[in-house]
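Throughout, read-outs are computed from the coordinates displayed, never taken from laboratory work. These figures come from a predicted structure and were not determined experimentally. For neighbour counting, all protein chains shown are included, and Cβ atoms are generated from backbone atoms with ideal geometry for every residue, glycine included.
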Amino acid sequence: MTLKILPKKALPAWLDGLHANYRLVGPRAKQENFVFDVIQNAEDLRLDYNTTILPPKKVLLPQQETILQFDTSKDFHQVEPVFEDTPTVLFGVHTCDMHAINLMDQVFGQGYPDAHYQTRRQHTAIVTLECLNPCTEFCFCKSMETLSVPEGFDLHITDLGNVLAIEIGSGQGLTLLQHAKMVRDAGPKDYQHLQDVMSEKWPRFAYQLDFDITELPSLIALSYKTEVWDSLGDRCLGCGICNVVCPTCNCFDVIDEVDFDLQSGSRYRIWDSCQLDRFCSVAGGHDFRSSRANRLRHRFLHKFKYQPETYKIVGCVGCGRCAQECLVHISPVDVLNELYRRQVPFASIEQEVLV
Amino acid sequence: MKPILAEKMKLLSIYQPSTMLVSRVESVTELEKLITIELPEGGSFQHRPGQFVEVSLLGVGEAPISISSSPSRTTNSFELCVRRVGSVTNAIHALSPGDLIGIRGPFGNGFPMERFRGKDLLFAPGGLGLAPLRSLINEVIDDRGNFGRVVILYGARHPSELLFRDELETWKERDDVELHVTVDRPDEYWKGKVGVITTLFYDIQIHPRNTVAVTCGPPVMYRYVIMELLGKSVPEGNIWLSLERRMKCGVGKCGHCQMGSIYTCLDGPVFSYSQIKHLEEALS
């Protein structure tokens with residue numbers, strides 16, 4: 001992989017160049033937090049951000065997105081799908097969120113491909129950023145193996161102090177870099193510098209899970225009937241904030257809206273939450289997941305069992321946003337470790353029997 | 001941001017309904033109507049019994065509806081038996097012949113006909129559950145020689161809620177179909193059996209290992225029908241059900257119909273009891 005070096009003082013000019021040619025989206029401050037937003041001025045971009053309130057998925061799967069426009073005023077119904085293809089650069093994405101985007105690419109690409117998502121994705125170049133310190137007390141990326149740079153990025157930046165080391169992941173990335181001045185090839189010293197920074201980074205992050213993630217699908221399967229879910233259900237408020245801030249949650253509702261003429265209008269999709277009451281209700285009012293305990297269990301089952309089995313990617317990237325935002329402090333790390341702790345006695349009994 | 005229309009890009013959306021023509025609307029009961037939908041010229045629509053379509057009323061919304069007609073009896077049209085319960089189904093009830101309707105699909109797996117051939121078939125629809133099973137029953141009747149006994153146990157709450165009464169008559173008249181009907185609450189004219197659907201099981205004898213049972217009905221019904229079938233030693237893998245979920249997208253993206261690790265819209269809506277018995281969310 002080609003490594004380039006850009007002096008930090010050349011970053012603003014590069015960003016201005018990108019802003020002139022693309023919709024530039026990156027992390028910026030919002031009160032005491034950070035958000036992904038359109039960057040108008042280079043100084044607004046905050047590569048020192050810890051985490052953002054919402055993950056960058058909102059660029060690829062907006063909270064509300066028109067999918068069809070229709071007009072029924074004529075003898076025939078005119079229905080046109082709507083696709084969004086503004087050339088966009090998503091700048092400064094942490095590696096955990098990049099893993100999440102890779103999973104979303106699978107979800108919307110496999111089976112029946114979703115051209116609405118894919119159009120946005122194809123017109124979005126992604127510049128990822130190596131995390132050198134844990135972003136919050138809630139993140140557990142090291143356990144989820146998302147601490148390292150994944151595939152899927154167009155450029156990947158590591159902060160080396162006075163300079164940025166930039167790995168080129170695609171031809172599109174190379175094009176982005178042409179807007180930067182003072183770029184040079186990395187020399188042996190730069191590689192040494194990068195290696196030092198990466199070696200120093202590793203011990204700063206701690207493993208939070210007491211087990212390896214390859215055990216997750218079986219752990220979740222064995223924990224289907226445990227009372228852990230009931231006690232979590234008692235605590236959970238069913239507010240759905242964990243879904244909203246999750247970089248991999250992709251469930252949506254579909255809603256029609258008519259214009260004032262009552263004949264034309266649009267159909268849009270809007271983020272939905274499996275933790276909300278009535279998410280699984282059917283005609284007649286029956287609800288197949290009416291208890292908060294079952295809804296919470298479903299969320300874990302989906303992320304830690306079904307998605308790893310289907311996509312070979314764990315459905316949680318360890319960003320810690322859900323744990324941070326949860327009003328009753330339900331954290332995936334605590335839940336998974338508790339499930340594991342409860343499984344251990346069974347495992348040892350099994351072993352004894354086998355021996 | 002300037003959204004662009006698809007025309008420029010020649011992209012296809014999986015969420016775009018095809019416009020079709022409502023050619024016939026019949027009242028079935030006070031609550032249900034049978035809608036016949038005709039394909040545009042040159043359109044093709046091939047479905048298997050047990051599959052569903054997403055029905056679009058532009059401006060109102062979309063709802064998943066199971067196909068009620070048999071593939072053996074239709075070529076350029078299909079039928080939906082629709083109960084009015086929500087905004088979309090009420091809008092469907094307001095349609096007249098000549099109106100346009102949006103259709104996506106067919107979606108879902110449908111019944112595994114290849115596993116039914118040569119077996120005795122026991123159908124146990126309850127209430128509106130006859131709508132999807134009608135597709136299967138007529139498919140079987142039109143290919144009668146390839147199946148063993150055909151037994152239909154149909155339960156409804158009230159005589160006025162019995163669906164497809166003419167068709168029930170034709171089934172009843174056949175020598176090779178055994179039809180038993182019961183209602184929970186009779187009216188003064190009702191001369192048939194009274195009781196919930198499970199009471200029909202007492203009087204029939206089956207050869208359990210050679211029997212495939214298919215049931216569809218309100219959620220509360222499944223548990224009791226399955227108990228009857230297991231009581232008659234029908235193997236768990238031979239008990240088939242069609243499940244109702246509110247599939248918003250029909251293509252495995254929106255998450256609404258997911259039970260455990262199963263997407264009802266992709267992996268179902270037809271399941272064998274052995275496939276879903278371990279899932280609390282399937283039948284509870």
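Given a cut-off of under 8 Å on Cα pairs at least six residues apart, what relative contact order in percent is computed for chain B? Don't skip to the answer; put the middle values down first.
Working: 589 pairs, mean separation 48.7, N = 284.
Relative CO of chain B lands at 17 percent.
Need one value for A:272-279: mean number of C-beta atoms belonging to other chains within 10 Å of its residues' C-beta atoms.
Numbers: counts 4, 1, 3, 0, 0, 0, 1, 4.
Other-chain Cβ atoms within 10 Å of each residue's Cβ, averaged: 2.
Taking other Cβ within 10 Å of each residue's Cβ, how do A:Trp271, A:Trp229 sort, fewest first?
On the way: A:Trp271 20, A:Trp229 24.
Final ranking by Cβ density, sparse to dense: A:Trp271, A:Trp229.
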Other residues with Cβ under 12 Å from the Cβ of A:Pro55 give, with Lys and Arg +1 and Asp and Glu -1, a net charge of +1
Assertion target for B:Lys277, A:Lys58, ordered by fewest C-beta neighbours within 10 angstrom first, is B:Lys277, A:Lys58
Per-residue average of other protein chain Cβ atoms inside 10 Å, peptide B:243-249 -> 5
Here, A:Gln192 and A:Ala20, labelled 7 Å along Cα→Cβ, have an inter-label distance in nm of 3.8 nm
Diffing region A:192-200: the Karplus 3J(HN,Hα) column from phi (6.51, -1.76, 1.60, θ = phi - 60°), in whole Hz with x for Gly and Pro, holds 4, 4, 4, 4, 4, 4, 5, 5, 6
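Taking the Cβ of each residue in B:Met227, A:Met144, A:Met98 as the centre, tally the other Cβ atoms inside 10 Å and list the residues starting with the fewest.
Details: B:Met227 12, A:Met144 22, A:Met98 25.
With the sparsest Cβ surroundings first, the list reads B:Met227, A:Met144, A:Met98.
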Zone reached by a paramagnetic label modelled 7 Å from A:Gln122 Cα along Cα→Cβ, restricted to region A:48-66 with backbone N below 17 Å, covers A:60-61
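Determine the sum of side-chain charges near B:Glu173: Lys and Arg each +1, Asp and Glu each -1, restricted to other residues whose C-beta is under 15 angstrom from that of B:Glu173.
Values: positive: B:Arg144, B:Arg165, B:Lys172, B:Arg174; negative: B:Asp166, B:Glu167, B:Glu169, B:Asp175, B:Asp176, B:Glu178.
Here the count lands on -2.
How large is the dipole of region A:27-144 about the Cα centre if only Lys and Arg carry +1 and Asp and Glu carry -1, each at its Cβ, rounded to the nearest 20 debye? Mind dumping the intermediate values first?
Values: 9 positive and 16 negative charges, 46 e Å.
Charge dipole, region A:27-144, about its Cα centre: 220 debye, nearest 20.
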The size of the Cβ-based charge dipole (Lys, Arg +1; Asp, Glu -1) of the protein assembly as shown about the Cα centre, to the nearest 20 debye, is 520 debye
Of the listed links B:Lys33/B:Lys248; A:Lys8/B:Lys253; B:Lys172/B:Lys232; A:Lys58/A:Lys312; A:Lys30/A:Lys312; A:Lys4/B:Lys253, those spanning more than 30 angstrom between alpha carbons are A:Lys8/B:Lys253; A:Lys30/A:Lys312; A:Lys4/B:Lys253
The simple spin-label model distance between B:Leu279 and B:His158, using points 7 Å out along Cα→Cβ, in nm, is 3.4 nm
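Can you tell me the order of A:9-22, A:182-195 when each peptide is scored by its average per-residue count of other Cβ atoms within 10 angstrom, highest first? Mind showing how you got there, number by number?
Working: A:9-22: 16.5, A:182-195: 13.0.
So the order, starting with the most tightly packed, is A:9-22, A:182-195.
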Taking placed amide H atoms and a strict 5 Å upper bound, the residues 5 or more places from A:Leu209 or on another chain that come that close are A:Ser143
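Would you calculate a helix-derived [θ] at 222 nm for chain B, using -39,500 (n - 2.57) for each DSSP H run of n ≥ 4 and dividing by the full residue count, to the nearest 500? Mind dumping the intermediate values first?
On the way: 8 runs with 57 residues, N = 284.
It comes out at -5000 deg cm²/dmol, rounded to the nearest 500.
Of all DSSP beta bridges in the protein assembly as shown, what percent run antiparallel (nearest 5)?
Just about 70 percent of them are antiparallel.
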The long-range amide H neighbours of B:Glu178, using H built 1.01 Å from N in the peptide plane and a cut-off of under 5 Å, are B:Val150, B:Val151, B:Ile152
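Counting pairs of alpha carbon atoms under 8 Å apart in space and at least six apart in sequence, what relative contact order in percent does chain A give? Show your work: numbers first, answer last.
Working: 596 pairs, mean separation 75.3, N = 355.
Worked out over chain A, it gives 21 percent.
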Given backbone amide H placed at 1.01 Å from N, residues whose amide H is under 5 Å from that of A:Ile67, ignoring those fewer than 5 places away on the same chain, are A:Arg267, A:Tyr268, A:Arg269
With only helices counted (DSSP H, runs n ≥ 4, each -39500 (n - 2.57)), the per-residue ellipticity at 222 nm for chain A, to the nearest 500, works out to -10000 deg cm²/dmol
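With a cut-off of 8 Å between alpha carbons and a minimum separation of six or more residues, what is the relative contact order of region B:243-284 in percent? Please list the in-between numbers first.
Working: 39 pairs, mean separation 15.1, N = 42.
That works out to 36 percent.
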Here region B:220-225 yields Karplus 3J(HN,Hα) values (6.51, -1.76, 1.60; θ = phi - 60°; whole Hz; Gly and Pro given as x) of 5, 6, 4, 4, 6, 5
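Below 15 angstrom from the Cβ of A:Gly161, what's the summed charge of the other residues (Lys, Arg +1; Asp, Glu -1)?
Numbers: positive: A:Lys8, A:Lys9, A:Lys189, A:Lys201; negative: A:Asp48, A:Glu130, A:Asp159, A:Asp190, A:Asp196, A:Glu200.
Charge balance near A:Gly161 sits at -2.
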For region A:103-118, Karplus-derived ³J(HN,Hα) couplings (6.51, -1.76, 1.60; θ = phi - 60°; whole Hz; x for glycine and proline) come out as 5, 4, 4, 5, 4, 8, x, 7, x, 8, x, 9, 5, 5, 5, 5
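Just for chain A, what percent of DSSP beta bridges are antiparallel, to the closest 5? The partial results should precede the final answer.
Values: 37 of 49 bridges.
Approximately 75 percent, going by the DSSP bridge assignments.
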